[in-house]
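Written out below as structure tokens is the structure these notes cover.
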Amino acid sequence: MKAEPKKVRVCLVAIPEVMASTLMGLYDVLNSFNLLSTYSDGLAGRAQFKAEIVAAKAGSLSSASGVPVQAQRSIKQIDSADVVIVPSILVERGEWQQGRYPAIVKWLAEMHARGAQLCSTCSGVLLLAETGLLDGKDATVHWMYAQTFRRN
């Protein structure tokens, strides 16, 4: 009997500044892999992704552009993950204000300590940097956020 392929648990972090296009694009691509593997022998038996959108609280929130986002679970309901991704964020004048999401920052650090790989897309690195895990390391960010990233 063939062993079931490993499910890679991916948490996509949603905050009010999240760019819905990046969040939904990641969600769509990662969860579509399972469907695609049924049509391709080359993908059969490989690890599959189980991506879910998480936020400080489960339920509906509005993205940076006003697109509604549904967080499937609260960060309080997640005690482990294989990968945690902070999608791109959009803030007025490119000015990121630290300290607005202490519970999420703490949770990100805890997930890392428990073995999760943390990553971001583009400006999501601003929230990820608040964990301190990037201190002394190279990181890239969209040019619009370079000044605020250096200050913070």
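Ligands, DNA and RNA are left out, and with a 1.4 angstrom probe the accessible area of the chain is 58 Å² per residue. Heavy-atom surface analysis with a 1.4 Å probe gives the chain a carbon and sulfur content of 55 percent of its accessible area. Residues in the range 80-93 carry Karplus couplings, in order, of 7, 7, 7, 9, 10, 10, 9, x, 4, 10, 10, 10, 4, 6 Hz; the curve used is 6.51 cos²θ - 1.76 cosθ + 1.60 with θ = phi - 60°, and Gly or Pro positions show x. At a Förster radius of 30 Å, what calculated FRET efficiency corresponds to the Cβ-Cβ distance of A113 and Q77, to the nearest 0.05? According to the calculation, E is roughly 0.95.
At q = 0.17 Å⁻¹ the log10 of I(q)/I(0) for the range 49-112 amounts to -0.68, computed by Debye summation with a single uniform scatterer per C-alpha, solvent ignored. Taking Cβ atoms as reference points and 15 Å as the exclusive limit, the residues near V69 contribute a net charge of -1, counting Lys and Arg as +1 and Asp and Glu as -1. Counting 0.36 nm for each residue step from A103 to L134 and taking away their Cα separation leaves a gain of 9.4 nm.
The C-alpha atoms of the chain define a longest principal axis, and helix 20-37 lies at about 10 degrees to it.
Compared with the dominant Cα axis of the chain, that is its longest principal axis, helix 102-113 is turned about 50°. Its Cα gyration tensor gives the chain an equivalent ellipsoid; the semi-axes, largest first and in whole Å, are 28, 17, 15.
The values are calculated or read from the model by the stated rules, or taken from the named source; none is laboratory data. Keep in mind that what you see is a predicted model, and the values were worked out from it rather than measured. Because the Cβ atoms are built from the backbone with ideal geometry, glycine has one as well, and the counts that use them run over all protein chains shown. For the accessible areas, the whole protein counts, side chains as well, though only heavy atoms, and no ligand, DNA or RNA atoms are used. Shrake-Rupley method; radii C 1.70, N 1.55, O 1.52, S 1.80 Å.
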